[in-house]
Amino acid sequence: MTLEPLANAPFAIQIHVLAAFLAFGLGGIVLFRKKGDRLHRLGGKIWFALMLVVIISSFFIHTIRLWGPWSPIHLISVATLIALVHAVSMARLKRIAAHRKAMQQTYFGALVLAGFFTFMPERIMFEVFFGGPQPLVGIAAAIAIVGVSGWMTWRGMSPAARSTRRAAT
């Protein structure tokens, strides 16, 4: 594991990675702790702001160019912005189940799924985690991130949903 590729990356990538990591951590906490209280709303507002930084910074990153300076990743950014606006509007309309579902889907799609693709070979995050003199540290960190994400997802499911999943297997 080495931070050198990230330290040498353009400023937009550095900001993007920092905001994405913070949003990943905070989002997991907000999604899987008690809902509706003051801390949930404050955490949600901070998470929303972090996601806006992730989205905006993505439009200054052009490492993959399929259509001029743009790539499918930029489509994900547009979709994420739409999903965030939808999720907030659902909360303001007191449609809490729709808000919860939209936020969980946004978290998974914009941070977990899109984040997975940043770990492909020849990408900066691949080099950060698996390059350098200590690749085993990066492998251990990646396993820990996946493990904690899976645990938080499982923990965030209702007991009824967990028992349904167990019964289906």
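What are the residues in the range 1-58 that are among the hydroxyl-bearing types (Ser, Thr, Tyr) and over 24 Å from VAL146 (Cα atoms), if any? I'd like the intermediate steps shown before the answer.
So in the range 1-58, the residues among the hydroxyl-bearing types (Ser, Thr, Tyr) come out as 2, 57-58.
Scanning the range 1-58 gives a single hit, SER57.
Among the residues of the range 129-144, which ones are assigned to a helix (DSSP H, G or I) and either among the small types (Gly, Ala, Ser) or at pLDDT below 75 (or both)?
Selection gives PRO135, GLY138, ALA140, ALA141, ALA142, ALA144.
For residues that are surrounded by 13 or more Cβ atoms within 10 Å (Cβ to Cβ) and β-branched (Val, Ile, Thr), tally how many sit in the range 65-113.
6
Only one of (1) at pLDDT 70 or above; (2) outside any loop (DSSP other than H, G, I, E, B) fails for PRO121. Which number is that?
So the condition that PRO121 fails would be (2).
Among the residues of the range 114-150, which ones are at positive phi and touching a residue at least 12 places away in the same chain (Cβ under 8 Å)?
Applying the first criterion (at positive phi) to the range 114-150 yields 122, 132.
Once the filter is applied, which keeps residues that are at positive phi and touching a residue at least 12 places away in the same chain (Cβ under 8 Å), the range 114-150 yields only GLY132.
Among the listed residues LEU31, LEU3, LEU39, LEU18, which satisfies the condition of being touching a residue at least 40 places away in the same chain (Cβ under 8 Å), out of contact with any Phe, Trp or Tyr (no Cβ under 9 Å at 6 or more places or on another chain) and of a type outside the set (D, E, K, R)?
Selected residue: LEU3, the only one of LEU31, LEU3, LEU39, LEU18 that is touching a residue at least 40 places away in the same chain (Cβ under 8 Å), out of contact with any Phe, Trp or Tyr (no Cβ under 9 Å at 6 or more places or on another chain) and of a type outside the set (D, E, K, R).
Being out of contact with any helix residue (DSSP H, G or I) (no Cβ under 8 Å at 6 or more places or on another chain) and either surrounded by 15 or more Cβ atoms within 10 Å (Cβ to Cβ) or in a helix (DSSP H, G or I) (or both) is the filter here, so list the residues in the range 8-40 that pass it.
Those that are out of contact with any helix residue (DSSP H, G or I) (no Cβ under 8 Å at 6 or more places or on another chain) and either surrounded by 15 or more Cβ atoms within 10 Å (Cβ to Cβ) or in a helix (DSSP H, G or I) (or both): PHE11, LEU18, PHE21, GLY25, ARG38, LEU39.
For the range 41-64, which residues satisfy the criterion of being surrounded by 18 or more Cβ atoms within 10 Å (Cβ to Cβ) and part of a loop (DSSP other than H, G, I, E, B)?
ILE61
The values are calculated or read from the model by the stated rules, or taken from the named source; none is laboratory data. Bear in mind the structure is a predicted one, so any value in this text is a computation, not a measurement. Cβ coordinates were reconstructed from backbone atoms using ideal geometry, including for glycine residues, and neighbour counts include every protein chain displayed.
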